[in-house]
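Q: So that we are looking at the same thing, I have put the structure below in structure tokens.
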Amino acid sequence: MAEPQFDDLDNTNDNGEREELVKHVLDLQTQLRGMLSRVDDARKEHQSLTTENQLLQKYINNSLTSTAVFGATNGAINSNNMTLRQSSADSPR
């Protein structure tokens, strides 16, 4: 069965079918606007979280660097793998 052409919609006697199609198109447009809005919100949230993570990473790196520079025994940095080692007070005697 052949699908109706757009010109056939203008000539149809069944206005109810045409109104139903228009309503369906409008509903789909509303849904699309909602989805686009959610995508935009997710992008903004992602950018915000990325910026926050970068700030926290800089803070952590600065804290670790300052600890190593001042020669503190707690939390000294292992330059090979950036792991923290325990202070001599925590080790068994």
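Q: Where does the charge balance sit around residue 20 when Lys and Arg score +1, Asp and Glu -1, over other residues with C-beta under 14 Å from its C-beta?
A: -2
Q: Using the basic label-point model (7 angstrom from Cα toward the beta carbon), what is the residue 51 to residue 18 distance in nanometres?
A: About 5.1 nm separates the two model spin labels.
Q: When the Karplus curve 6.51 cos²θ - 1.76 cosθ + 1.60 is applied with θ = phi - 60°, which whole-Hz ³J(HN,Hα) does each residue of region 30-40 get, with x for Gly and Pro?
A: The phi angles translate into 5, 5, 5, 4, x, 5, 4, 5, 5, 5, 4 Hz.
Q: Work through the residues other than residue 36 whose Cβ is under 14 Å from its Cβ and net out their charges, Lys, Arg +1 and Asp, Glu -1.
A: Around residue 36, the charge tally is +2.
Since every read-out is calculated from the coordinates, none of them should be taken as a lab result. Remember, it's a predicted structure, so these values are computed and weren't measured experimentally. Here Cβ is always computed from backbone atoms with ideal geometry, including for glycine, and neighbour counts include all displayed protein chains.
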